[in-house]
Amino acid sequence: MSTEPDRSAAAYALVMMLTRHERLPPPEIDVYEYMTGSGAEGWGVRLVLRDSIGKFEHWREALDLEPVVDFERCHQSVWLTASGEYEGVRVHLLSLAEVPLVDGAGE
């Protein structure tokens with residue numbers, strides 16, 4: 001079971017990342033409760049950046065998240081995700097961006 005200190009740690013990590021990286025584009029933010037496949041619970045921070053892969057990459061580098069990201073494409077939109085830890089708290093970075101189709105793509 002997650003606890004109030006877990007949630008406070010996630011909130012602290014969020015405040016620290018926003019303070020340390022105040023010049024980066026403002027993301028949509030969320031402190032969320034999660035459960036792993038093994039049943040462990042905790043609190044994490046989710047940052048969402050819309051309409052810019054560049055903004056996603058700036059945040060990914062600033063938070064020192066692995067350069068390997070999950071990528072999904074749906075029509076002209078792509079989802080990018082990167083995960084890791086910051087101040088000992090799970091961080092999930094997401095971006096949804098429109099990408100023009102190249103001739104012959106998606107056939």
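The values are calculated or read from the model by the stated rules, or taken from the named source; none is laboratory data. Note that the coordinates shown come from a computational prediction; the quantities given were computed from them, not determined experimentally. Backbone-built Cβ (ideal geometry, glycine too); neighbour counts: all protein chains shown.
Could you check the range 1-50 and list, in sequence order, the residues that are without any contact (Cβ under 8 Å) to a residue 12 or more places away in the chain and among the acidic types (Asp, Glu)?
Once the filter is applied, which keeps residues that are without any contact (Cβ under 8 Å) to a residue 12 or more places away in the chain and among the acidic types (Asp, Glu), the range 1-50 yields Glu4, Glu22.
What's the number of the only condition in (1) of a type outside the set (Val, Ile, Thr); (2) surrounded by 11 or more Cβ atoms within 10 Å (Cβ to Cβ); (3) modelled with pLDDT under 95 that Met16 fails to meet?
If we test Met16 against (1) of a type outside the set (Val, Ile, Thr); (2) surrounded by 11 or more Cβ atoms within 10 Å (Cβ to Cβ); (3) modelled with pLDDT under 95, just (3) comes out false.
Give just the number: which of (1) in contact with an Asp or Glu (Cβ under 8 Å, 6 or more places away or on another chain); (2) at pLDDT 90 or above does Ser2 not satisfy?
(2)
Step by step: first the residues of the range 25-49, then only those that are of a type in the set (A, V, I, L, M, F, W, C) and over 16 Å from Ala97 (Cβ atoms), then the one that is surrounded by the most Cβ atoms within 10 Å (Cβ to Cβ). Which residue is that?
Within the range 25-49, the match that is surrounded by the most Cβ atoms within 10 Å (Cβ to Cβ) is Val45.
Which of the strands (runs of 3 or more DSSP E) contained wholly in the range 64-105 include at least 2 residues that are surrounded by fewer than 15 Cβ atoms within 10 Å (Cβ to Cβ) and modelled with pLDDT of 90 or more?
77-86
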